[in-house]
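Asks: Below you'll find the structure I mean.
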Amino acid sequence: MRLVLVGPPGCGKGTLSAFIVSKYGIPHISTGDIFREHRTKKSELGQKIASYIDKGELVPDELVLDVVFDRLAQPDCAKGFIFDGFPRTIAQAEALQERLAKAGMPLDAVLSFSVPDEVLVRRLVTRRVCPSCNAVYNTEKKPPQVENTCDHCQHELVHRADDHEEVIQSRLDVYRRSTAPLLDYYQGQKLLVNLDGSRGSHEVEKQFEHFVAERGL
Ligand code: AP5
Ligand code: MG
């Protein structure tokens, strides 16, 4: 199964990815998670990208593509992958298409999530994440068993620096300007599948399972 998940911040890409990983065991490639890990480690890349991710701006395409293509070359990607938050520009999508065509590994589908803006903002201000294993929680909809503590690795949870209202608004603007054009791009390639991301996460999982069954993936 080779999938791209595309949608605005807070639409549920990471949440559905965790379900797909647990059910189908394919690698989850989240460029956001990879960049935050580099930022925490203060690696050379981490220092270059910190100001972009904290302000909710896009990291330059060439830095993104290096990271993604390194990851794609790992042997576990031979069995499939889920891209979460990549591609985010038409240039990234074209570079990915070229790389996958050369490798003989075309995408099966691009899943797009529609969610009203006010729901996105609410989800993000109430989101908490584990900086160690990247598990995603929500103080209203999916609280951890022990307050502010990851159920999986017991690490303290954090409120992402870009999950404060002013930054969320600029992330939504960036999404509309740079990433939303991908929907037409993938529609033109007959790869786009629309999910109603405003439903509860169990409902979204059911929509995904229906899509998998329908496609025989
Ligand atoms: P990234 O980490 O990719 O952030 P994003 O795309 O803005 O997406 P989010 O992680 O905020 O949302 P999500 O859709 O994963 O929602 P989640 O499942 O957590 O990117 C961060 C930054 O990195 C970018 O701003 C940029 O700087 C840089 N970057 C990354 N990739 C890049 C690229 N390709 N090019 C350039 N720059 C790049 O859910 C959100 C909350 O809602 C959670 O609390 C969850 O519990 C809850 N929730 C989820 N689904 C449901 C549901 N169905 N019902 C109720 N609650 C739900
Ligand atoms: Mg995410």
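The values are calculated or read from the model by the stated rules, or taken from the named source; none is laboratory data. Just so it is clear, the model here is predicted, and its values are computed rather than measured. Virtual Cβ from ideal backbone geometry, glycine too; neighbours counted across all protein chains shown. Ligands, DNA and RNA are stripped out before the accessible areas are found, and what is left, the full protein with its side chains, is counted by its heavy atoms. Shrake-Rupley method; radii C 1.70, N 1.55, O 1.52, S 1.80 Å.
Asks: What are the membrane-span-like helices in the chain by this rule: whole DSSP H runs, Cα extent along the axis at least 18 Å, mean Kyte-Doolittle hydropathy at least -1.0?
Replies: 44-55, 90-103
Asks: Same structure, new question: Top mean-square fluctuation among Asp70, Asp108, Asp84, Gaussian network model of the chain, C-alpha springs under 10 Å?
Replies: The residue with the greatest mean-square fluctuation here is Asp70.
Asks: Show the residues, 5+ positions off or on another chain, whose built amide H is closer than 5 Å to the amide H of Asn138.
Replies: Those lying under 5 Å, H to H, from Asn138 are Arg128.
Asks: Next up: Quantify, in whole percent, the carbon and sulfur part of the accessible surface of the range 139-217 (1.4 Å probe; protein heavy atoms only).
Replies: The C+S portion of the solvent-accessible surface of the range 139-217 is 48 percent.
Asks: Order the peptides 10-18, 199-207 from the highest to the lowest mean number of other Cβ atoms within 10 Å of their residues. Kindly include the intermediate steps, with their values, before the conclusion.
Replies: Values: 10-18: 22.7, 199-207: 14.7.
Going from most to least packed, we get 10-18, 199-207.
Asks: Using 1/(1 + (r/R0)^6) with R0 = 35 angstrom and r between the beta carbons of Lys42 and Lys79, what's the FRET efficiency to the nearest 0.05?
Replies: My answer for the efficiency is 0.60.
Asks: What residues qualify as long-range amide H neighbours of Ser30, i.e. H under 5 Å apart, gap of 5 or more or another chain, H built at 1.01 Å from N?
Replies: Asp84
Asks: Check Arg2: other-chain or 5+ apart residues with amide H under 5 Å from its amide H, H built from backbone geometry?
Replies: Correct list: Phe81, Asp108, Ala109.
Asks: Work out, in µm²/s and without decimals, the Stokes-Einstein translational diffusion coefficient of the chain at 37 °C, 0.692 mPa s, Rh from Kirkwood over C-alpha pairs.
Replies: 185 µm²/s
Asks: Then there is this: Roughly how many Å² is the accessible area per residue of the range 1-108, as a whole number, for a 1.4 Å probe?
Replies: Heavy-atom accessible area per residue stands at 46 Å².
Asks: With +1 on each Lys and Arg Cβ and -1 on each Asp and Glu Cβ, and nothing else charged, work out how big the dipole of the range 1-81 is about its Cα centre, in Debye to the nearest 20.
Replies: The calculated dipole for the range 1-81 is roughly 300 debye.
Asks: Viscosity 0.692 mPa s, temperature 37 °C: what is the translational diffusion coefficient of the range 116-217 from Stokes-Einstein with a Kirkwood Rh over Cα pairs, rounded to a whole number of µm²/s?
Replies: 206 µm²/s
Asks: Once R0 is set to 25 Å, what does the formula 1/(1 + (r/R0)^6) return for the Cβ-Cβ distance between Met1 and His202, expressed as a FRET efficiency to the nearest 0.05?
Replies: The value I calculate is 0.75.
Asks: To the nearest 0.05, how large is the calculated FRET efficiency for Glu118 and His159 if R₀ is 22 Å and r is the Cβ-Cβ distance?
Replies: Efficiency computed from Cβ-Cβ geometry: 0.70.
Asks: So what J values fall out for the range 126-137 if you push phi through Karplus, 6.51 cos²θ - 1.76 cosθ + 1.60 with θ = phi - 60°, rounded to Hz, Gly and Pro as x?
Replies: For the range 126-137, the Karplus curve yields 9, 7, 10, 10, 8, x, 8, 10, 6, 5, 10, 10 Hz.
Asks: Sort 85-95, 175-185, 71-81 by the packing proxy (mean of other Cβ within 10 Å over each peptide's residues), most packed first.
Replies: Working: 85-95: 19.1, 175-185: 15.5, 71-81: 13.7.
The peptides rank, most packed first, as 85-95, 175-185, 71-81.
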